[in-house]
Each structure stands twice: as structure tokens, then as C-alpha cells.
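Have a look at the structure below, then the notes.
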Amino acid sequence: MMLPIELMGGIAEAAIHSLPTVFQLSGTCREYGVSGSTSWYCCVLYCSVLGDSGCVPHHGRKSIMPTPSRYALIWSEMQHKYELQLQRQRVDCFSPGDALAFSRWLEEHTSFAFLGKSGRLSVIKEARQRGTGYWYAYRKQNQRTHKRYLGPSTRVTFAVLEEEARRLSSASFLVQQSERKAPPSERGEDVILSLRLAIPRLPSFFVERARLQSVLDAILSFPLTVVSASAGSGKTTLLSSWALASSVPQGQVKSKWAERMVAWLSLDALDNDPVRFWSLIIAALRRRGTCVPSFGEKTLALLHSSQPHSLLTMMASLLDEFQEIDQKLILILDDYHVIKEQALVETLHFFLDHLPADLHLVLASRTEPQLPLSRFRVRGQLLEIGSSDLRFTREEATSFLVHHMNLPLTEDEVAQLSARTEGWIAGLHLAALALRKQQDLSGAVSTFAGYSRFVLDYVQQEILARIPVSLQHFLLQTSILSRMNAAICQAVTGANRVQESQQMLEELEQANLFLAPLDSERQWYRYHDLFREVLLARLHLTNPDLVPFLHQRAARWYEAQGLLEEAIAHALEAGDAAFAALLLERFIVPQSWCNEYHILHSFLARLPQEVLAARPDLSLSYGIARVLTGERGPRALERVEESLQWAERGYRETFNQAGLGAVWISRAALLAQRGEFARAFALAREALNRLPEQDRMWRGHGLVVIGIELLCSGRLDQAEQFLRQGLALYEASGTLPGMLIATVMLGEVALSGGDLHAAEHTFRRVLALSDEQQTLRQSQLTSQIGTHERYYERLALYDLAQLAYDWNKLEQAEQLLQEAQADGWLVWPHLLTPGNLLHARLLVATRRFQGAQDFLNELASHNQPPEILREIAWCRAFVALSRGDLAATEQWAASLPQTRPLPLPRWEEEMLLLARLRIAQSQPYEALNVLIGVKREANGERRKRSALQIILLEAVALEASGDRIQAKETLMQACRQAHLQGYLRLFLDEGPVIETLLKALVRDRKAAGLSSFLRTLLRAFADAHGDASTPQSQPPSWLAEPLTPQEQRVLQLLAAGSSNQEIANHLIVSLTTVKKHVANILAKLGAQNRTQAVALAREYALL
């Protein structure tokens, strides 16, 4: 028996019939529409002509269809392994964790069929002349083959294959890939796209503008040209006329344009997605016939990879591909004013800064682009054409009105109209249409009004009133469409035949009624924007009941074409919420964070509540979209709780455990943002029990929330394990907010563990990650109004402020703290290692006691949960003790609750403050008793930072008890733990007792190896109270030439133990440059080697 078998997505049907080999497999096949456990058949194909590999390697210049492979990799539910079969015989098997063995197998083979838990694929390795091949996944659906980039063998894991199989097996995903996500260069049948890439046709009333044409001829002398003016100013007509005149095919005419090409792209609002935008750029350049047919192939692979890549990486790839082109290219972007997304503007800024010499960019916009134009002006690299340049001159207005519009006007009448319209081309066109029917031209010209009159009076009363009723109806009814052809016009107007609509379009074009053809075949058209707005206003005024009916027809037509975005927009305009909801359920990519959340949010927000409440998947998606496009923080849950409740109710009614788990995970993460950590931790654990093990979209949230719980309880090793597991799932699913918070918490693990340098690197990674992942940032961390959400970056800045404080860089700490709190108060400092005490401690360190008290009073004035109020109380006690107010501190100690606060660092801080109080009260032994239990817990969980604080307080207590010898020994132990990480402030905060012990310790032979660190500490104490008598070495006179900033950075990395190659990677410079910097450092310090250089640098406080 042979079922319809498509084990591999793109197998040719002829091969299926000629090469059958059948095997039977038992498993669960929900993904294929078969419920329950059943037996099913698949077909493995073998082609002896192709040999072992099953495909013919090629060199990437042209994509090929997948060819049958002898190998099949099949998931076995019974064994929970992937079976590798060759001609139906099992030759090997891999468990999901056998990544290394599978990678080795991939290196030796070039194709296989994949049948996993989530779907099926054909997987092909495409060879490259420059090195190792790259793997691609194929899936055939509805006579179309979909292709996805997987990467080199090292990145093709079972998880990646399952994800791509799931994506390509999803019907909605396939529709969106073919219509929205696929690289434009691969959508040859996409008529709308081809219209946007074609140079627009010239209108029949085109006026030759030699003066501006000559200006545009200088484009090749400038990297950037900007044509900026209001709507109807003739920007598009000017550029298209110039482009058409200069785009002479090679070999026909020998001219100065013979070795360069003009590429055109008309932008629209949906192009604010960076991936979509740059894919269209590549498509435009390919369309104009660059010398390299495969231009942009590598960049497209990165743009549409399942793995997230930074936009800067993609830009670098695209710029690198330009090196293979040896001709002049001019890229014209029309309607650039629709580009609003800041992340996209930044990539274009980067692109302009590195623009290849042979590429010249032209922007046509209604507004001045948000680019560094002043810099280009100063450098003489910008060609500009503005509104004043585009206005018709007297001669051009005469040519247009008299010769093209056939109006018998005198020179004075032309001058009068030109003055009234200020040379605005659209205004002159409207005036000409109105004047055509006037008997008294002179009188009509003299009474002609301004812009508003053009739009409101002349279009509605003069133009529409003077054309046949059938054309009026056609104009009004089709005004709901931004682009149109005869087919959609027939669907919207209800015409009997497509030919009738085509005839109407041609009549409108012949009548010059602001209808512009978009292609040379005259099939697609659009109305002038202003004209269309007037038509819409007229339609709503004269026949409002017809409007929703017209939109509904448009929605049905677009749905039939598979254009879901347009269909949803029209369904919403029609008020057909039920139909819009059905379309949205198809529009959303299931189990994926790669949805277009800004578009999704705008659509879902327009659905009635009763429609959303009845569809749990849409309710949950709406909540996600609102979070990802809104402000993070305490109010995030309040904004989405209602939609989460709708989703939870729907999932309970349908017994959907995975859906319930997703809702609970969402709520747990948002509860944590609100500071309700106990509820968040409990809910996350319950949610993980509901979610299936293979879930990749939601389990990451649960693992990270539990990792945070473990971190709060001081179990750093377990916390790190959960956080890294969660981070891996976030990276696999492309969840940028999750990646950021998981990375922040891993930095917290390093900070609590006493590894300050690793913590700094991790926190700075958070700041860099948001910049690198601009595609994800645009969809997941950008609000509806276009502002970038900095919530997670602020957390990293707060922790960096703590590090600066620990290193006694107080000005830097205060600057970082101000930046972290610039957008308001943060909830998470209570959870982070610094806590809210950081701000108060920084103010106390700089002797601003009243400022510290004011800060705490302001904090307490807000409606705070009990745990925050408790923290504020001991912050106040800390300030009081620092000022010598023992009575106030004792009052705090007497009222201290017996229960521990949730984050362990908060309890440790309370105990340390209690010990300081007992020392100040001359009760050193009481202080040591307090510290014993705290020290035991800190040492048991490798919390080295806490342990160091405890040891320092022990030294102070021992000195207060009169045991100077033991105090020195304890302080020496603290110095040994602190010097490699550069801790300074922990010593300074314990006051003059530590300074006295340090002065005694610096003369102790046992501390000889710590002399440099001890002098650094004493110098810091001296700086703190302005005492210059502390013994310290002076840097030698030959250090007259200071280290450069880059050499200082290299020195810091040398001190951290980094190799030359690691330094090069960190600073993004060459290895040769690093070696040169190291040599300069050795020469300036007079050192013989790296170790001596670091020692001398510490000796002279250069570190």
C-alpha cells in the first residue's frame, strides 16, 4: 500500500513513482492530522545515479530543488531516538543529546530526509567554493517549494531540525513565508512586489524638466541624494523620468550610463520591519540585473535564518557582497517617509557610513530623513532637491497647462494660477481638471482658491460632478483600495466581468483623474494619495452604509489570494470581527516568538472584547503583543491581566494544559516585574508541571523564574544551571527579553560569587545584546509609538553601578545609577545584589547623609509592598549608624522581624548591620556570634562576596575585642580574597579600624605578596579623608608618557589574565595591533614581561 507520501518536501513526482521503497513505522502523528497511536507508511527514495550523497553539490550561484536521498533520519517514539536508515535498513541511531556524533555524520554527508516529532523536511548541503558547505531545509506545499537556511554542520542540531520542521509544516507559516517572510528575490510570482520594484511609468501629461534632470545627472558624484518635498510635488515623476532616461540597456547605446544600473523600490508602511526592508533592497538590486546573479544570497540566508543574527552582522555581510560587483549602482527608495522604525534607521545610518564607492543611494521623501544629513553636507557628500526646486517654473506651468492639458490660457492667467498654487504640481493638475469645463476661463482663474479648496470643493463638486455616474460610483467604491487591478475592482464593485473593471481603469487613466499605472502592462494602478483621501471622505459622507460592505468584499478577495495582512485590515474596516479573528488565527505563527507583534497588536486591539474572550489563543497573543510593544515594569501585568484571564478561562474549558501553562508562565514573569516574587516562583513551578517537555516557547520563562528563586535563596550553582537552560531555550526561540533577563541574572550569579570581572562582562553583554539583535528588538522591545524599551538594560546599568562602587569609582557609579533610574524607579533592585541600599550607600560614601534620608523618604512615600518597606527600614538604620545615631539603629534592631526576607542578600545585609551596631556598642563578641551563622551559609554556597564582607567585619570585631594578631590574620585572609578582583569599597566602608589594621599589616612580612594591594587600599583611605601622609611609592619619572586609553584597556585585560587573542576578540582589533599595544605598555612601564607589567601597574595604581 502506498499513501500520498512526501517524506521529503521538494521531491519531484516522477522520482516518487520510479523509486519506491516502503517501510512501516509506529508512532503518534498529530502533526499530520492523524490522532492517536496508529501505523502509518512513508516512502524512502533511492536514486542510484546520484550515488551515496543523494544530491549533486553545487556552488551556490543558483538554488536547486531537493533531490531524493538514500538516507532518512526518523524519530522513534518507542525508543525516543532518531533512527538513521539507509534503504529502509537502520544503520545508526542518535539520542537527542548526541550532538557531537550527529555533527560528525553531517560533515561526511550532503543530504538526508528528516521525519521528526514536529514535521518533515528534505535537508541538503550546498557546497561553496570558498569553504565548507551550508545546510538548507526544503518543504514542498501546494506546488511551491519553501527553502530555509540552517547553517554549517555545527549549527544543525536536532532541535534546529525540529523547529524548522514545525515551522515548515505549519500551514499558516507556509502562507506567511510565501507571502510575507520569504526573501523577495524568491517570490517571482508576487505581482505586487514586482510593481514596487519597477520604475513607475510616466504620466501622459509629463513635462520635461531639463534643469532638474541636469541636477540629477550629478548623482554619481555623491554617495547620497535626497529629494524631499510634500505630497504631489512631482518627486516620483522626476526620479522615474531620470531613471528611465538613463537606464539604457548595455550594448544598445554607448553613453556615460553604459556601465551602471538604476534599481527602484517603492516603500510602504509595512516595510518598517528591518528583515523585510533589507530583503526588498536585495530584491531591487537583483531585479536591475547586477553582474552577480546570486547577489545578496548570504545576507538573505542570515536575514531569514531560524537563528537570530544582529542587523550589524547582516549589514556587514551585505557590504561584503558588494565587493563582487564591478559596476555603478544607483538605488532609489521612493516614499522613504513611511520608514519610522528607529532600529531600521540606525541600520541605514550604518549602511551609509560604509557605503561602497560604486553604490549611490537616492531617497525620495515627504519629510527630511532622520539621518546625519548635516555631516554629509559638511563633507560635500549630499545632493539635495527640495520643495522650492520641484515647484513648476512659469515656463513649466505653461507647458503643463497649455500644451498638455490643452487650456487656452494667457501668460497672465498661467502666472496667476502658478502664484495661487505656488507651483505645486498636484494643485495645478486639480485646477486644470476643474477649468476644462469652464466657459469663462478668466473668471474661473481669478476666483480660484487655495489648497483646501482644491481638495474639498473642486474634487467633490467640479471634477466628480462632471463625469458619468458610473465612473463616479467606480471611483468612490474603489477608493478603499491602496492598490488595485481589474480583479479586485470587480470584487469590490460587484461588476459582472473583469473586463468591465479594466475598461473603467483605462477610462480613468485617459481622463487624467489622478490614476497612476504601476506596471507597463497597465494592470495595477493607484490613486494619488490626496485624491483618494477626498474620495474616501466623499464616500463616507454620501453612502456610509456601503463602506463596510466594500471592505468585506476586499477582505474576501485578499484572503483568496493568500494576502492575510491586507485581508485582516479590510475585515476590521468592515467591522466583521468574526472573520477578522479567523484570519488572525491563521496569521499568527503558532508556538513562535517570530510574529510581527506591532502589526498583531494593532489588529487585535481593534477586535471587540467578546470576540477576544471567546478565543483563548487570540487572547493570549494579545497579551503577549501588549507586553512586547509596551512598557515593562510593575504595571505590565495590570495592562494584560484581563486578556490572560480570558485565555485561562478558555483553556480550562477545553482542558488545554499546555495553554494553561503558557498563561501561568506569562503571569509569573509579570508578577516578578511587579515585585511579587513569592507568587511568581510558586506559579512558575506549577506552570512547568503543565507544559510539555518539548515546549520551547514557554519553558524558558519558567526555568529562568525558578533560577531567580534559587538565586534569591543563595544557591548559586543550581541557579546558574536553571538560568543557562532557560537562556538556551530563549536563544533557540528568539526571545530577546528572555535572553536579556537571563543574562542579567547570570551576571548576578557572578557578582554574588565574587567574580567581578566576569560579572562586568556579562552585564555589558546585556547592553550589547540589545544593540546586536535589532530585528528582535524592533518586534519585541519597541512600543507602539516607536520608543525602545530599556527595562532590562537599566537592570544591567544598576548592577554595573554596584561594580563601579565596589571598585571605588564613585563618580562612575553615580553616573550609571542615574542612567539606570532615568526612566523611573526600578522594582528589581530589591532582588538584585546591590538592593536599594546601593543608592543610600553611595550617598553616605560621599557624606550626603541628608540626601540619603530624602531618597529613602521618597521611596517610602509610594505604595510599597512589605518586603520593600522592610528594606527601606534597614537602609534608614544604615544611614543612622553611619551618622553615629546608635539609638535610631538600636530601635530598628529591636523591631527587626524574626522571619527572613525572601532574597537572601537582604537578610545578610540585616545581619551585617546588626553586627556593626554591636561593635559600635562595644559588644564585639555579640557581633562575632551574629556573624558565625551568616558566614556558615555564605561559605556553603560559594557566595564569595558575602563571605568577604563577613570576614572584614570579623576583623573589625576582633580588633575591638583586643585580639590584634587574629584581627590582622583575618584581614590578611580578606585581602587575599579581594585583591585579584580589585575590591576596594568593602574595606573603606568599614572605616578607620580597617585602615589601622592595614597600616599594621603593610609592615608584616607575611603580607609581602599583598604589598601592592595594601598600598592601593591605604591610598584610597587617604584620598577619602584628604591625608597625603600615607606611605606610597611614586611612579618613576620615566613614565612621563602616559598610557593611551586603548593601552589602558589592554592593560586591564592583561591584569584579568586574558591572552593576546582574547584581547583582540574583546576589543575587536587584530592580533598584530594587540601585540603592538603590549610592547608599548612594557616599554612605558619598564617591564620585562606581562606579569611584571601588571605588578608594576598595580604598584603605581594604574589598575
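The values are calculated or read from the model by the stated rules, or taken from the named source; none is laboratory data. Every value quoted in this text rests on a predicted model; they were computed, and no experiment measured them. Cβ: placed from backbone, ideal geometry, glycine included. Neighbour counts: every protein chain shown.
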Practice prompt. Would you please list the contacts, defined by Cβ atoms under 8 Å and residues six or more apart or on different chains, that run from a residue in segment 1074-1103 that is acidic (Asp, Glu) to a residue that is loosely packed, with under 14 Cβ neighbours inside 10 Å and at pLDDT below 85?
Written response: Glu1099/Ser1033
Item to complete: Can you give me the ranges of the strands (runs of 3 or more DSSP E) entirely in segment 54-148 with at least 3 residues that are at pLDDT 85 or above and over 32 Å from the mean Cα position of the chain (by Cα)?
Response: 71-76, 81-86, 89-94, 111-115
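To keep it simple, each residue is scored yes or no on (1) closer than 25 Å to Gly630 by Cβ; (2) touching a residue at least 12 places away in the same chain (Cβ under 8 Å); (3) not in a helix (DSSP H, G or I).
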{"site": "Arg553", "(1), (2), (3)": "no, yes, no"}
{"site": "Tyr558", "(1), (2), (3)": "no, yes, no"}
{"site": "Gly562", "(1), (2), (3)": "no, yes, yes"}
{"site": "Ala567", "(1), (2), (3)": "no, yes, no"}
{"site": "Leu572", "(1), (2), (3)": "yes, yes, no"}
{"site": "Ala578", "(1), (2), (3)": "no, yes, no"}
{"site": "Leu584", "(1), (2), (3)": "yes, yes, no"}
{"site": "Ser592", "(1), (2), (3)": "yes, yes, yes"}
{"site": "Leu600", "(1), (2), (3)": "yes, yes, no"}
Worksheet item: Pairs under 6 Å by beta carbon, first residue within 16 Å of His761 (Cβ to Cβ) in segment 801-821, partner surrounded by fewer than 22 Cβ atoms within 10 Å (Cβ to Cβ) and β-branched (Val, Ile, Thr), six or more apart or different chains?
Response: none
Discussion item. Here is a list: Asp823, Asp854, Asp806. Which entry is at pLDDT 90 or above and not aliphatic (A, V, I, L, M)?
Written reply: Asp806
Discussion item. Given the condition modelled with pLDDT of 90 or more, within 28 Å of the chain's Cα centre (by Cα) and under 20 Å from Arg699 (Cα atoms), answer yes or no: does some residue in segment 608-616 qualify?
Written reply: yes
Fill in: Given (1) over 44 Å from the mean Cα position of the chain (by Cα); (2) on the phi > 0 side of the Ramachandran plot; (3) modelled with pLDDT of 75 or more, index of the condition Asn512 fails
(3)
Worksheet, complete the sentence: Restricting attention to segment 433-478, the residues that are among the hydroxyl-bearing types (Ser, Thr, Tyr), at pLDDT 60 or above and either at positive phi or out of contact with any strand residue (DSSP E or B) (no Cβ under 7 Å at 6 or more places or on another chain) (or both) number exactly 4
Fill in: Matching helices (runs of 4 or more DSSP H) fully within segment 615-679 where at least 2 residues are of a type in the set (Phe, Trp, Tyr)
636-653
Fill in: Checklist (1) of a type outside the set (Phe, Trp, Tyr); (2) modelled with pLDDT of 85 or more; (3) not in a helix (DSSP H, G or I) applied to Glu1047, failing item
(3)
Worksheet item: Of everything in segment 371-380 that's surrounded by fewer than 16 Cβ atoms within 10 Å (Cβ to Cβ) and not charged (D, E, K, R), which residue is nearest to Ile339 (Cα to Cα)?
Response: Pro372
Worksheet item: Could you say which residue among His757, His788 is in the same structural domain as Leu688 (by TED's automatic domain parsing), over 13 Å from the mean Cα position of the chain (by Cα) and surrounded by fewer than 19 Cβ atoms within 10 Å (Cβ to Cβ)?
Response: His757
Discussion item. Can you find, within segment 256-312, the residue that is modelled with the highest pLDDT among those that are within 28 Å of Lys235 (Cα to Cα) and of a type in the set (Ser, Thr, Tyr)?
Written reply: Ser266
Worksheet item: Looking at segment 349-358, is at least one residue surrounded by 14 or more Cβ atoms within 10 Å (Cβ to Cβ), more than 21 Å from Phe322 (Cβ to Cβ) and modelled with pLDDT under 90?
Response: no
Response to the item:
When (1) surrounded by fewer than 17 Cβ atoms within 10 Å (Cβ to Cβ); (2) closer than 28 Å to His788 by Cβ are applied to Leu333, the one that fails is (1)
Worksheet item: Of these, Asp576, Asp545, which one is charged (D, E, K, R), buried (at least 16 other Cβ atoms within 10 Å of the Cβ) and either in the same structural domain as Arg639 (by TED's automatic domain parsing) or at pLDDT 90 or above (or both)?
Response: Asp576
Item to complete: Given the conditions (1) modelled with pLDDT of 85 or more; (2) part of a helix (DSSP H, G or I), report the number of the one that Met315 does not fulfil.
Response: (1)
